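A short reminder: the numbers here are calculations on the coordinates, not readings from a lab. Small disclaimer: the values here were computed from a predicted structure and weren't measured. For neighbour counting, all protein chains shown are included, and Cβ atoms are generated from backbone atoms with ideal geometry for every residue, glycine included.
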Amino acid sequence: MRIFALSDIHVDYAVNMRWVASLSRSDYLDDVLILAGDVSDSTARLEQCLSQLAARFKKLLFIPGNHDLWVMRDGPHLDSMDKFHRVRELSEHCGASTVPYHYRELSIVPMLSWYDYSFGMPQVELQRSWVDFHACRWPAGWTMADVTAYFLRMNNYSRRNDREVIVSFSHFLPRVDIMPPSVSDRVRQLFPVLGTTHLEQQVFRLHSAIHVYGHSHLNRRVLRDGTFYINNAFGYPHETHIAAKMLHCVYEYA
């Protein structure tokens, strides 16, 4: 059984949705796909994408990203926390699981999070331009730290035994030092909205062999403190220089 990883598929772009539809219906029926968020803020497109992927894999594991919780097209009475619960219900309906999956001594563990500025404080330009600040709507009075803490409290998985091999995954980054050191100043300005150090503490306690993440759109595999951190983002159509735009096998269970 192979474990594949993918994130940031953004099927609002027709070419990305066509790629999903082009995947083999026979090659992956014994395999698992980790889909680490950012499919679409449209529930219709999300349903279409998840249903197609679930039909192609033995198991589809999904966690929502920030784009999936945008509510700018959902009316004024729905906030992003309501959207989160709707997305989880829709995922299960489509055949995608949002809970830990076990196969013998292997466990694949989804981990929720957001960003809390523990990677740095956002500059004024980012506060104005970052779409989440306009497209997400949270309960009255909630800060980004409150949102992050809410999601982190839902990550209550504990290791079953010392032999367990854990592959965990999140949409957001658990640590900022998995970003390439050579990124531009423009990319560095995005660091505050990439993730939270509190998620890294949870990954460390799990002793994850591999942690799959998304969000940054930078394909990456790097070892930190005994854990391989892997990003295989599909990305926007023009991002051919930083995204491989293909499935990536992160683990194989013989």
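For the stretch 136-226, trypsin sites (Lys or Arg not before Pro) meeting the loop criterion (DSSP other than H, G, I, E, B) and having at most 11 other Cβ atoms within 10 Å: R163.
The chymotrypsin sites (Phe, Trp or Tyr not before Pro) of the stretch 203-254 meeting both criteria, a DSSP state outside H, G, I, E and B (loop) and at most 16 other C-beta atoms within 10 angstrom of the site's C-beta, are Y253. The coefficient of translational diffusion for the stretch 138-188, derived via Stokes-Einstein from the alpha carbon Kirkwood radius under 25 °C and 0.890 mPa s, stands at 168 µm²/s.
The alpha carbon radius of gyration of the stretch 195-254, expressed as a multiple of 2.2 N^0.38 Å, is 1.23. Dividing the radius of gyration of the alpha carbons in the chain by their Kirkwood radius gives 0.93 for Rg/Rh.
For the chain, what relative contact order do you get, as a whole percent, if you take Cα pairs closer than 8 Å and at least 6 residues apart?
Relative CO of the chain lands at 24 percent.
Taking the DSSP bridge list for the chain and keeping only pairs wholly inside it, about 35 percent are antiparallel. Summarising the amide proton neighbourhood of R137: residues at separation of 5 or more, or on other chains, whose placed amide H is nearer than 5 Å comprise V71, S80. Applying the criteria of a DSSP loop state and at most 15 other Cβ atoms within 10 Å to the GluC sites (Glu not before Pro) of the stretch 64-141 yields E105.
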